[in-house]
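The values are calculated or read from the model by the stated rules, or taken from the named source; none is laboratory data. Small disclaimer: the values here were computed from a predicted structure and weren't measured. A quick note on method: Cβ atoms are made from the backbone with ideal geometry, for glycine too, and the neighbour counts reach across all protein chains shown.
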Amino acid sequence: MSIIGVLVIGLIVGLLARFITPGPNPRGIIVTIVIGVVGAVIATYGGQALGLYQIGQAAGFVGSVVGAVVLLVLLRLIGR
């Protein structure tokens, strides 16, 4: 997948995660993209650790959104 594709998917995943997570969220398009991409990475490695994904297999769209929501919750807990 190209860099542009990763950024677009990251933006969509980040926007969905911000919509799902109640309360104040980080603002800005760059932060939203980073949250989406990092959420996908968290979902991939977390899913591999739990045995949901094979080694080398990436997380799906729903898993990426769940990973981004987990990231937002963790950021909110650390921010307090």
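Which of the residues that make up region 28-62 are buried (at least 18 other Cβ atoms within 10 Å of the Cβ), small (Gly, Ala, Ser) and more than 8 Å from the chain's Cα centre (by Cα)?
Scanning region 28-62 gives GLY47, ALA59.
Collect the residues in region 2-50 that are in a loop (DSSP other than H, G, I, E, B) and either modelled with pLDDT of 85 or more or among the acidic types (Asp, Glu) (or both), keeping them in residue-number order.
Of all residues in region 2-50, those in a loop (DSSP other than H, G, I, E, B) come to 2, 21-28.
Listed by number, the list holds a single entry, THR21.
Quickly run through region 54-75 and pick out the residues that are more than 17 Å from ILE9 (Cβ to Cβ) and modelled with pLDDT under 85.
GLN54, ILE55, GLY56, listed by residue number.
In region 49-74, what residues are hydrophobic (A, V, I, L, M, F, W, C), within 12 Å of VAL38 (Cα to Cα), out of contact with any Ser or Thr (no Cβ under 7 Å at 6 or more places or on another chain) and in contact (Cβ under 8 Å) with a residue 40 or more places away in the chain?
VAL65, ALA68, LEU71
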